[in-house]
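Comments concern the structure below.
The values are calculated or read from the model by the stated rules, or taken from the named source; none is laboratory data. Just so it is clear, the structure is predicted and the values come from calculations on it, not from any experiment. Every residue, glycine as well, gets a Cβ built from its backbone with ideal geometry; the counts of neighbours run over all protein chains shown.
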Amino acid sequence: MSTIPPISKKRRTHSPEFKARVALEALKGIKPVHQIASENEIHPIQVSQWKKELQERIPELIVRKNGRSIESEFEKKRVERLEHKVGQQAIELDWLTKKSKELGIE
């Protein structure tokens with residue numbers, strides 16, 4: 001008695017451009033997800049997953065031309081202000097230490 005190996009389906013792979021086009025079409029909401037899926041011969045759940053991924057990753061795509069996001073610019077300015085404040089306090093501490101020695105206060 002011989003056994004016949006099961007028939008395996010080869011997984012389809014889609015290009016990033018195809019995924020982006022389908023996800024963007026779903027995100028626009030002009031057509032329902034099931035219609036987009038049937039037109040592109042893919043499962044509606046796949047369309048929904050690509051749509052969700054696109055929605056989550058849109059902020060990553062919105063960055064300044066120099067590669068820094070708006071958040072990193074805000075953080076850079078915040079760090080600069082804090083460094084300035086620390087420097088100011090260091091100068092004041094040095095001055096107070098010097099004056100306390102001159103007055104004999106420990």
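Among the residues of segment 76-106, which ones are of a type outside the set (D, E) and outside any helix (DSSP H, G or I)?
Filtering segment 76-106 for residues of a type outside the set (D, E) gives 76-79, 81-82, 84-91, 93, 95-101, 103-105.
Those that are of a type outside the set (D, E) and outside any helix (DSSP H, G or I): G104, I105.
Can you name the residue in segment 11-64 that is β-branched (V, I, T) and under 17 Å from the mean Cα position of the chain (by Cα) and, of all such residues, is surrounded by the fewest Cβ atoms within 10 Å (Cβ to Cβ)? Write out each step before concluding.
At the first step, the residues of segment 11-64 found to be β-branched (V, I, T) are 13, 22, 30, 33, 36, 42, 45, 47, 58, 62-63.
Now narrow it down to the ones that are under 17 Å from the mean Cα position of the chain (by Cα): 58, 62-63.
On the way: I58: 10, I62: 8, V63: 13.
Selected residue: I62.
When we screen I62, I30, I91 for residues that are over 30 Å from R12 (Cα atoms), among the aliphatic types (A, V, I, L, M) and at pLDDT below 95, the only hit is I62.
Within segment 72-88, residues that are hydroxyl-bearing (S, T, Y) reach partners that are surrounded by 10 or more Cβ atoms within 10 Å (Cβ to Cβ) and modelled with pLDDT under 95 with beta carbons closer than 9 Å, at six or more positions or on different chains, in the pairs S72/V63; S72/R64.
For residues that are over 30 Å from I62 (Cβ atoms) and of a type in the set (D, E, K, R), tally how many sit in segment 72-106. So the count comes out to 8.
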